[in-house]
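Here is the structure we will look at, set down as structure tokens.
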Amino acid sequence: MSLKRLDYNQTDPKAIKGMLELEKYVAGSGLELSLYELVKLRASQINGCAYCIDMHSKDARKAGETEQRLYALSAWRETSFYSERERAALAWTEAMTLIAENDISDSLYNEVQKHFSEKEHLALTMAIVAINGWNRLAIAFRNEPGSYKP
């Protein structure tokens, strides 16, 4: 395990100001906190960001998420633990996170539209944009997994 390379918040807080504004937008958008945490955790799993997996599993637990749903998240398609709305959000999360490998199909778009208003769909998309950015920062600068306190 390598040591942390750089503390981007201390180095220049202005560098992440836009990211924090994006988080503020999503937090105030009306998306359910439980859904937001599942999306952040799933994207972090795909990206292999240990720091963010630790953070968002802790935040999800604090928000009342069950251990069963957290443990099964990487295999969500094979379980009945998630609502249709959550399943649509998770499918959208995976497609966007792996966008270089995926087409964002009309069928996927239409499935998400069945469960989210246009404003919610935009907020969900911005949440995915944000967590993918945070994952890249945490991985590149080696944020220490386990150090986050909710």
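The values are calculated or read from the model by the stated rules, or taken from the named source; none is laboratory data. In this text the structure is predicted, and so the values were computed from the model without any measurement. We place every Cβ from the backbone using ideal geometry, glycine too, and count neighbours over all the protein chains shown. Areas reflect the complete protein model, heavy atoms only, side chains present, ligands, DNA and RNA absent. Shrake-Rupley method; radii C 1.70, N 1.55, O 1.52, S 1.80 Å.
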### Summary
Taking segment 64-92 and keeping only residues that are among the aliphatic types (A, V, I, L, M) and under 15 Å from the mean Cα position of the chain (by Cα), one is left with L70, L73, A88, A89, L90, A91
### Scope segment 1-34; condition within 27 Å of A75 (Cα to Cα) and without any contact (Cβ under 8 Å) to a residue 60 or more places away in the chain; matching residues
A27, E32, L33, S34
### helices (runs of 4 or more DSSP H) wholly inside segment 1-63 that include at least 3 residues being open to solvent by less than 80 Å² (accessible area, probe 1.4 Å)
17-27, 33-47, 50-62
### Message
of a type outside the set (F, W, Y), more than 18 Å from the chain's Cα centre (by Cα) and farther than 20 Å from L20 by Cα: is that true of Q45 in this structure?
### Response
no
### Summary
Here, helices (runs of 4 or more DSSP H) confined to segment 64-145 with at least 1 residues that are open to solvent by less than 60 Å² (accessible area, probe 1.4 Å) and either over 17 Å from A43 (Cα atoms) or among the β-branched types (V, I, T) (or both) are 84-97, 106-115, 118-140
### Message
Quick check on my filter: what residues within segment 7-50 are modelled with pLDDT of 95 or more, more than 21 Å from I99 (Cα to Cα) and aromatic (F, W, Y)?
### Response
Y25
